[in-house]
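What follows draws every value from the coordinates through simple rules; no lab data is involved. Just so we're clear, the structure is a prediction, and the values are computed from it rather than from any experiment. Note: ideal-geometry Cβ built from the backbone for every residue, glycine included; neighbour counts use all protein chains shown.
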Amino acid sequence: METPKKRQYFGTDGVRGHVGQTPLVPEFITRLGYAAGAVLSRTASHPTFVIGRDTRQSGQMLQSALTTGLLAAGTTVIDLGVITTPGVAFMVNKINAEAGVVISASHNPVNENGIKFFNAQSEKLSEEIELEIEVLLEGPLDLIQAEASQFGRRIDGEDMRELYVDNLVDEHKGLSLHGIKLVLDCANGAASWYAPEVFSRLGAEVVVIHASPTGTNINEWSGSEHVRREPGDLTTLIRKFDANFGVVFDGDADRVIFVDENGNLVDGDHMLAILADYFHSQGRLLANTVVSTTMRNGALVNYFAERDLHFIETSVGDKYVMAELQALMAKEHRPDQIGLGGEQSGHIIIMDGEHSTGDGIRSGIYLIRTFLASGAETLAELADSIHKYPQVIASARVAEKIDLETLDQVQALQAAIEKDLVGLTRLNLRYSGTEPKVRLMMEADTRHTEAELAEKAFALCEAVQQATGTPDGSFLEVLNVTRGGLVPRPEK
């Protein structure tokens with residue numbers, strides 16, 4: 001059977017979709033489990049997978065279906081229950097499992113879910129492996145000739161989750177957060193128990209919000225993506241409790257952002273700059289290099305250049321950042337060095353021999369550690385070292401993903417915008433890899449304001465919606481990345 005050239009089900013971060021619609025239906029997920037189990041465990045005689053999920057109610061159904069397929073493929077499945085995505089990646093390394101699986105749609109709404117895999121090195125799967133799994137999906141799931149000994153077994157591994165918490169705390173022996181007060185927004189997701197436990201053990205005083213998951217309230221008016229859009233409520237709580245700052249996770253806790261004492265957003269761009277300085281000052285920054293994506297703020301590139309640090313830019317997606325860091329680790333790694341990369345959204349990867357994926361809780365600890373070591377009186381003072389350029393990011397729902405280059409009206413408007421905005425430095429228009437949406441990033445020098453960019457962003461996204469047959473009034477928002485908060489949509 002020939003390998004297809006394009007993946008049909010896997011996107012930029014696993015298999016995603018609306019629960020109850022293909023591919024997120026039990027029959028398909030069972031077949032996916034069987035195919036993934038067969039491909040990822042072919043070199044092991046007694047393969048072991050670890051599996052975890054976020055707090056979505058649909059996760060239990062999908063996990064049961066996936067586990068059925070994995071057991072049919074002969075794998076031992078260790079069920080970690082509700083755990084963060086980086087917690088699963090850590091456990092793969094810890095127990096030398098053949099693979100890990102997370103059932104989560106991260107920061108997306110509760111009606112969506114997804115399946116993402118880690119290989120034996122706790123890395124996200126290559127496109128080649130994903131294609132192999134999809135090829136096997138097309139074949140028969142025929143167990144007629146199977147013997148009883150061929151099937152796997154499920155093991156309850158919830159007690160093993162403590163190993164992950166211990167690792168987060170023990171990595172920072174000697175660090176005391178006494179005197180630090182945090183407002184923790186856990187997004188009613190996987191961080192709801194883990195984050196308060198870890199920061200409390202480190203000595204911080206924690207005010208915990210959005211840590212009561214019901215199965216249907218994950219990311220609901222909470223979490224990193226919500227706070228990036230509407231930081232006001234968290235700012236009020238920071239001031240009410242006289243906290244140092246707010247720490248905000250997404251649904252599966254692989255992302256983290258901060259809000260300082262003045263209500264300003266401290267996102268992934270700020271964190272990369274702050275952490276790069278910290279690790280570089282210690283002589284621990286791998287290859288004196290930082291990796292980020294095309295969505296980064298342009299000020300970040302200049303910031304690193306001024307400090308003689310190298311910068312590598314990748315396509316959008318943390319898997320591409322991870323791949324570049326892995327390549328650097330293979331070439332130049334010393335045991336004490338840290339590979340640093342991430343995304344503006346707060347997905348920060350602090351890579352060493354034991355950790356290879358983004359971990360919001362771990363990144364949060366490192367940022368607070370850096371703050372304490374810096375001598376800065378406030379987080380606002382520390383984050384002020386990088387001055388962002390005017391930048392907006394728009395997101396708009398589309399009825400169909402038609403090749404943007406074939407949409408004449410869109411191309412004409414984009415060309416007009418690029419001509420009209422003389423200070424425009426970047427314009428990136430693309431479809432989301434995980435949602436039925438178009439994404440637009442616009443950035444300019446100080447000759448333009450965020451408001452000017454937002455006006456053009458609304459117009460260009462509306463043109464895409466019109467050209468793709470998307471109904472009037474469909475979802476469209478523009479985020480002020482420089483300062484945080486949504487830009488009001490112009491009235492017509």
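Overview of values
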| quantity | calculated |
| --- | --- |
| Cα Rg, Dmax (largest Cα-Cα span) when computed across the stretch 391-487, Å | 12.6, 36 |
| Computed [θ] at 222 nm, deg cm²/dmol, the chain (DSSP H ≥ 4; -39,500 (n - 2.57); rounded to nearest 500) | -11000 deg cm²/dmol |
| Built amide H within the under 5 Å cut-off of Glu171, gap 5+ | none |
| Which of Leu265, Leu234, Leu424, Leu175 has the fewest Cβ neighbours within 10 Å, and the rest in rising order | Leu175, Leu424, Leu234, Leu265 |
| Overall Cα dimensions of the stretch 80-201, principal axis frame, Å, largest first | 63, 33, 25 |
| DSSP beta bridges in the chain [antiparallel fraction, %, rounded to 5] | 60 |
| Lys, Arg +1 and Asp, Glu -1 on Cβ, resulting dipole of the chain about Cα centre, debye, nearest 20 | 140 |
| Rg and Dmax of the stretch 420-466, Cα atoms only, in Å | 11.5, 34 |
| Sequence-distant residues sharing a close amide H with Tyr431 (under 5 Å, placed H) | Arg439 |
| Cα-centred dipole magnitude for the stretch 143-238, charges only on beta-carbon of K, R (+1) and D, E (-1), debye, nearest 20 | 120 |
| Reciprocal of mean inverse Cα separation for the stretch 268-383 (Kirkwood radius, Å) | 13.9 |
| Compactness index (Cα Rg / 2.2 N^0.38 Å), the stretch 134-199 | 1.97 |
| Gain on full stretching of the segment that runs from Asp242 to Glu138 - 0.36 nm per residue minus C-alpha separation | 31.7 nm |
| HN-Hα J in Hz across the stretch 219-227 - Karplus 6.51, -1.76, 1.60, θ = phi - 60°, x for Gly and Pro | 6, 7, 6, 7, x, 4, 5, 5, 5 |
| Dipole axis of the stretch 268-383 (+1 Lys, Arg; -1 Asp, Glu on Cβ), positive-most option in Asn288, Tyr303, Leu272 | Asn288 |
| Neighbour-count ranking [beta-carbon atoms within 10 angstrom, fewest first] of Lys456, Lys181, Lys388 | Lys181, Lys388, Lys456 |
| The chain: radius of gyration and largest Cα-Cα distance (Dmax), Å | 22.4, 72 |
| Listed residues Leu404, Gly59, Gln121: farthest to the positive end of the dipole of the chain (Cβ charges) | Gly59 |
| Amide H contacts under 5 Å for Arg154, placed H, 5+ residues apart | Val77 |
| Evaluated at q = 0.20 Å⁻¹: base-10 log I(q)/I(0), Debye formula over Cα of the stretch 161-291 | -1.25 |
| Kirkwood Rh in Å, taken over the stretch 10-162 so that all alpha-carbon pairs contribute | 15.1 |
| Computed FRET value (nearest 0.05) for Glu158 with Ala380, which takes r as the C-beta separation and R₀ as 41 Å | 0.55 |
| Sequence of Thr67, Thr12, Thr214 once ranked by neighbouring C-beta atoms within 10 Å, starting from the fewest | Thr214, Thr12, Thr67 |
| Cα centre as origin, Lys/Arg/Asp/Glu Cβ charges: the stretch 391-487 dipole, Debye | 240 |
| Relative counts (whole %) of C-alpha pair distances in the stretch 108-169, using bins that are 10 Å wide | 13, 24, 41, 19, 3 |
| Percent RCO, i.e. relative contact order, over the stretch 268-383, from Cα pairs under 8 Å lying at least 6 residues apart | 29 |
